[in-house]
1. With respect to residue 77, is the statement that it is at pLDDT 95 or above, over 11 Å from the mean Cα position of the chain (by Cα) and of a type in the set (Asp, Glu) true?
2. Could you list, in sequence order, all residues of region 65-106 that are aliphatic (A, V, I, L, M) and within 19 Å of residue 26 (Cα to Cα)?
3. Before we move on, is residue 22 small (Gly, Ala, Ser), touching a residue at least 40 places away in the same chain (Cβ under 8 Å), in contact with a helix residue (DSSP H, G or I) (Cβ under 6 Å, 6 or more places away or on another chain) and surrounded by 12 or more Cβ atoms within 10 Å (Cβ to Cβ)?
4. Take residue 25 and tell me if it is out of contact with any Gly (no Cβ under 7 Å at 6 or more places or on another chain), among the hydrophobic types (A, V, I, L, M, F, W, C) and within 30 Å of residue 7 (Cβ to Cβ).
5. Residue by residue through region 25-56, note down the ones that are in contact (Cβ under 8 Å) with a residue 24 or more places away in the chain and more than 30 Å from residue 67 (Cβ to Cβ).
6. Take the residues in region 35-93 that are over 30 Å from residue 22 (Cβ atoms) and of a type in the set (S, T, N, Q); name whichever of them is surrounded by the most Cβ atoms within 10 Å (Cβ to Cβ).
7. Select from region 50-87 the residues that are farther than 30 Å from residue 33 by Cβ and of a type in the set (Lys, Arg) and list them in ascending order.
8. Which of (1) loosely packed, with under 11 Cβ neighbours inside 10 Å; (2) modelled with pLDDT of 95 or more; (3) farther than 30 Å from residue 105 by Cβ does residue 31 not meet, given it meets every other one?
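The values are calculated or read from the model by the stated rules, or taken from the named source; none is laboratory data. Note that the coordinates shown come from a computational prediction; the quantities given were computed from them, not determined experimentally. Note: ideal-geometry Cβ built from the backbone for every residue, glycine included; neighbour counts use all protein chains shown.
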Amino acid sequence: MMQQFETFQKASKDNVDAALKAFGATSKGVQTIAVEATDYAKKSFEAGTATLEKLAGVKTFDKALEIQADYVKTAFEGAVAQMTKMGELYTALAKDAYKPFEGIVAKAVPAAAGK
């Protein structure tokens, strides 16, 4: 009976430790994502402002279309690159948050299969 209690107590401690590590990894990952999103928003705003400044000084309609087309192309390419980067950050976040539980799950699966 005492050995079962000690086993249960150790498993509970391991679970709490894993949860704290996962929380730390999640917190760090979310912070990284927030910083990246903020940087992208700042760069997008600056690019939009620069384009508006260019458009304000345009004298021909063709030049305005050229500036606008360049902006749209650049903005689209930047958005696609940003979405890819954010996807990678979210994937890394999920992997890092799960990593502390890998050992616990590895122990639990054979134990459950043996029953």
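1. Numbers: at pLDDT 95 or above: yes; over 11 Å from the mean Cα position of the chain (by Cα): yes; of a type in the set (Asp, Glu): yes.
In short, yes.
2. Of region 65-106, the ones aliphatic (A, V, I, L, M) are 65, 67, 69, 72, 75, 79-81, 83, 86, 89, 92-94, 97, 104-106.
Of everything in region 65-106, those that are aliphatic (A, V, I, L, M) and within 19 Å of residue 26 (Cα to Cα) turn out to be 86, 89, 92, 93, 94, 97, 104, 105.
3. Details: small (Gly, Ala, Ser): yes; touching a residue at least 40 places away in the same chain (Cβ under 8 Å): yes; in contact with a helix residue (DSSP H, G or I) (Cβ under 6 Å, 6 or more places away or on another chain): yes; surrounded by 12 or more Cβ atoms within 10 Å (Cβ to Cβ): yes.
Considered against the rule, which asks whether it is small (Gly, Ala, Ser), touching a residue at least 40 places away in the same chain (Cβ under 8 Å), in contact with a helix residue (DSSP H, G or I) (Cβ under 6 Å, 6 or more places away or on another chain) and surrounded by 12 or more Cβ atoms within 10 Å (Cβ to Cβ), residue 22 comes out as yes.
4. Working: out of contact with any Gly (no Cβ under 7 Å at 6 or more places or on another chain): yes; among the hydrophobic types (A, V, I, L, M, F, W, C): yes; within 30 Å of residue 7 (Cβ to Cβ): yes.
Yes.
5. Answer for region 25-56, where residues must be in contact (Cβ under 8 Å) with a residue 24 or more places away in the chain and more than 30 Å from residue 67 (Cβ to Cβ): 25, 26, 28, 29, 30, 32, 33.
6. Residues of region 35-93 over 30 Å from residue 22 (Cβ atoms): 42-80.
Cutting the leftovers down to of a type in the set (S, T, N, Q) gives us 44, 49, 51, 60, 68, 74.
Values: 44: 14, 49: 10, 51: 17, 60: 8, 68: 14, 74: 12.
Among those that are over 30 Å from residue 22 (Cβ atoms) and of a type in the set (S, T, N, Q), it is 51.
7. Let us first name the residues in region 50-87 that are farther than 30 Å from residue 33 by Cβ, namely 53-69.
The answer is 54, 59, 63.
8. Every listed condition holds for residue 31 apart from (3).
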